[in-house]
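A short worksheet on the structure shown next.
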Amino acid sequence: MAQQEDVFKKLVSHCKEYGFVFPSSEIYDGLAAVYDYGQLGVELKNNIKKYWWDSMTLMHENIVGIDSAIFMHPTIWKASGHVDAFNDPLIDNRDSKKRYRADVLIEEQLAKYEEKMNKEVEKAAKRFGEAFDEAQFRATNGRVLEYQAKWDALHQRFSDAMNAMDLEALKQIILDENIVCPISGTRNWTDVRQFNLMFSTEMGSTADGAMKIYLRPETAQGIFVNYLNVQKTGRMKLPFGIAQIGKAFRNEIVARQFIFRMREFEQMEMQFFVKPGTELEWFEKWKETRLKWHKALGLGDEKYRYHDHEKLAHYANAATDIEFQMPFGFKEVEGIHSRTNFDLSNHEKYSGKSIKYFDPESNESYVPYVIETSIGVDRTFLSILAGCFEEEKLENGETRVVLHLPACLAPVKLAVLPLVKKDGLPEKAREIMDDLKFNFKCQYDEKDSIGKRYRRQDAIGTPFCVTIDHETLNDNCVTLRNRDTMQQERIAIADLKDYISKAVSMTELLKKQR
Ligand code: GAP
């Protein structure tokens with residue numbers, strides 16, 4: 001684990017050093033849990049968004065996109081339940097004056113029991129070697145059973161308290177489990193209170209009577225309130241989906257782990273409208289489709305898992321997360337929710353307007369049910385970087401830092417490197433750049449030795465480098481170097497465009513999901 005934390009620290013500084021992610025407002029000492037994407041970060045982020053957008057809107061004839069405003073009528077958040085129910089239970093430690101999410105403190109305690117069980121298993125596996133039967137050991141070992149019983153009891157109490165949102169019960173669990181503040185080390189806790197996560201601001205001048213409005217905590221509501229506009233103008237028939245990418249804002253209490261939990265972040269959400277009664281079937285289909293999308297990235301199938309929700313959000317009748325193995329453990333990257341007709345029927349109720357769908361096949365009108373897929377751009381960005389970052393030991397004893405990004409997501413696709421800064425090589429290199437820059441992102445670099453330039457490109461994940469040498473002037477060929485294999489081959493300049501275009505195309509990634 002310590003090693004993983006070390007990797008995470010290196011990843012965070014790598015992001016800063018190479019222009020992927022900067023702390024926001026850095027010269028003013030930063031703003032907690034807010035980050036800016038740098039020159040390479042924005043390219044990677046845009047490519048991730050394109051991968052998602054094309055997977056939704058190109059690969060599904062019945063999914064279209066929209067881009068709704070961040071500002072929306074405040075009653076929308078009343079109807080959606082966010083004004084009353086979008087809360088986190090928080091608790092303060094009186095000695096350290098630090099604020100925590102009560103549910104997170106308890107989840108961490110559950111994780112401690114799991115860790116203890118895993119340690120026992122690891123020790124035994126070492127002792128018994130090949131003959132070790134993990135399932136049998138877990139079912140019979142006294143210590144493991146003891147921890148499992150503690151985990152089960154705590155888990156039951158925790159689920160009950162969360163489902164009933166019983167704040168006193170949550171506090172009592174924290175006291176009974178002897179959970180201490182990691183800063184002060186004391187159990188001097190306040191009561192647990194509810195804390196609404198929405199940011200608010202005012203619209204209009206005070207003289208006119210300013211209206212309190214919210215910065216949207218999810219992009220989904222912009223889709224719900226436009227669903228009938230899109231259905232009618234796009235002549236859409238159920239089932240159909242609406243996709244959207246945009247910023248969302250949450251006043252997170254526990255904002256940490258870099259871009260994993262931010263106060264301003266970006267979501268890619270798709271609401272899929274279906275006939276009532278078919279929603280659980282569609283829920284299963286979307287669970288599968290979305291996992292395929294993640295796995296196609298090639299970061300390792302074993303790094304993903306589903307986590308079914310026990311405590312359902314106020315709008316859902318089934319929900320699961322797709323979790324990715326981050327350097328700090330398996331964490332949610334995407335949520336898939338069966339949202340019933342909760343949102344649409346509430347918008348009907350609060351707006352007083354009918355938003356029923358007329359089904360031409362059955363000749364009836366009804367409010368559709370909704371399956372939602374909701375993925376964070378920033379968490380996907382982090383999962384991809386974490387999955388691609390490697391400090392690779394080379395045969396010559398040196399280490400290179402390399403980002404094995406899928407070629408179509410890499411911020412720069414091709415580095416164009418004249419071997420030396422003279423003899424007409426830079427001019428030839430510029431000629432190649434000028435020809436290829438219309439097709440993909442190229443970077444020209446003539447500074448330092450060729451080895452150093454390769455390392456710089458490895459560190460930002462550039463899949464290909466071409467070197468222009470003296471021979472190039474005679475034979476119109478260049479040396480093409482592959483980032484992952486480090487193999488070099490001679491290739492005619494005339495063939496470069498086709499070769500690289502094919503290798504960096506997103507089509508193959510999209511086809512993997514069929
Ligand atoms: N519309 C449903 C919804 O918003 P959610 O599970 O609260 O569901 C969906 O959020 C996704 O948005 C998460 O899986 C995560 O990737 C991303 N997300 C949520 N809160 C975030 C935060 N504070 N920082 C970064 N990403 C966040």
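Selection of the range 139-165 for residues being in a helix (DSSP H, G or I) and over 33 Å from the mean Cα position of the chain (by Cα) yields ALA139, THR140, GLY142, ARG143, VAL144, LEU145, GLU146, ALA149. When TYR444 is tested against (1) surrounded by fewer than 17 Cβ atoms within 10 Å (Cβ to Cβ); (2) more than 28 Å from THR399 (Cβ to Cβ); (3) within 36 Å of the chain's Cα centre (by Cα), just one condition goes unmet, and that condition is (2). Restrict the check to the range 306-315 and report whether at least one residue is modelled with pLDDT of 95 or more, over 19 Å from THR219 (Cβ atoms), surrounded by fewer than 17 Cβ atoms within 10 Å (Cβ to Cβ) and assigned by TED's automatic domain parsing to the domain that holds GLN244. There is at least one residue in the range 306-315 that is modelled with pLDDT of 95 or more, over 19 Å from THR219 (Cβ atoms), surrounded by fewer than 17 Cβ atoms within 10 Å (Cβ to Cβ) and assigned by TED's automatic domain parsing to the domain that holds GLN244.
Name the residue that is least open to solvent (accessible area, probe 1.4 Å), counting only residues in the range 6-37 that are among the aliphatic types (A, V, I, L, M) and more than 18 Å from the chain's Cα centre (by Cα). Residue satisfying both the conditions and the ranking: VAL7. Is there a residue in the range 209-217 that is surrounded by fewer than 20 Cβ atoms within 10 Å (Cβ to Cβ) and touching a Gly at 6+ places or on another chain (Cβ under 6 Å)? Within the range 209-217, one or more residues are surrounded by fewer than 20 Cβ atoms within 10 Å (Cβ to Cβ) and touching a Gly at 6+ places or on another chain (Cβ under 6 Å). Only one of the numbered conditions (1) part of a helix (DSSP H, G or I); (2) without any contact (Cβ under 8 Å) to a residue 40 or more places away in the chain is violated by GLU43, and that is (2). Scan the range 46-58 and give yes if some residue there is open to solvent by 60 Å² or more (accessible area, probe 1.4 Å) and closer than 25 Å to LYS232 by Cα, otherwise no. Yes, some residue in the range 46-58 is open to solvent by 60 Å² or more (accessible area, probe 1.4 Å) and closer than 25 Å to LYS232 by Cα. ARG187 meets the conditions (1) outside any loop (DSSP other than H, G, I, E, B); (2) touching a helix residue (DSSP H, G or I) at 6+ places or on another chain (Cβ under 9 Å); (3) not aliphatic (A, V, I, L, M) in every case but one. The failed one is (1). The number of residues in the range 290-306 that are within 16 Å of the ligand (Cβ to nearest atom) and closer than 17 Å to ILE63 by Cβ comes to 2. Across the range 232-286, the number of residues qualifying as of a type in the set (Gly, Ala, Ser), open to solvent by 30 Å² or more (accessible area, probe 1.4 Å), modelled with pLDDT of 95 or more and within 13 Å of the ligand (Cβ to nearest atom) comes to 0.
Of everything in the range 327-336 that's at pLDDT 95 or above and open to solvent by less than 30 Å² (accessible area, probe 1.4 Å), which residue is farthest from ILE371 (Cα to Cα)? Out of the qualifying residues, it is VAL333.
Exactly one of (1) farther than 30 Å from HIS60 by Cα; (2) touching a residue at least 60 places away in the same chain (Cβ under 8 Å); (3) open to solvent by less than 20 Å² (accessible area, probe 1.4 Å); (4) not acidic (Asp, Glu) is unmet by LEU403. Its number? Only one criterion in (1) farther than 30 Å from HIS60 by Cα; (2) touching a residue at least 60 places away in the same chain (Cβ under 8 Å); (3) open to solvent by less than 20 Å² (accessible area, probe 1.4 Å); (4) not acidic (Asp, Glu) is unmet by LEU403, namely (2).
When the range 230-254 is examined, which residues are found to be more than 21 Å from TYR315 (Cβ to Cβ) and over 20 Å from the mean Cα position of the chain (by Cα)? Selection gives LYS232, THR233, GLY234, ARG235, MET236, LYS237.
The values are calculated or read from the model by the stated rules, or taken from the named source; none is laboratory data. From a predicted model like this one, the values you see are computed outputs, not experimental measurements. Backbone-built Cβ (ideal geometry, glycine too); neighbour counts: all protein chains shown. Please note that ligands, DNA and RNA were not included when accessible areas were found on the heavy atoms of the full protein model with its side chains. Shrake-Rupley method; radii C 1.70, N 1.55, O 1.52, S 1.80 Å.
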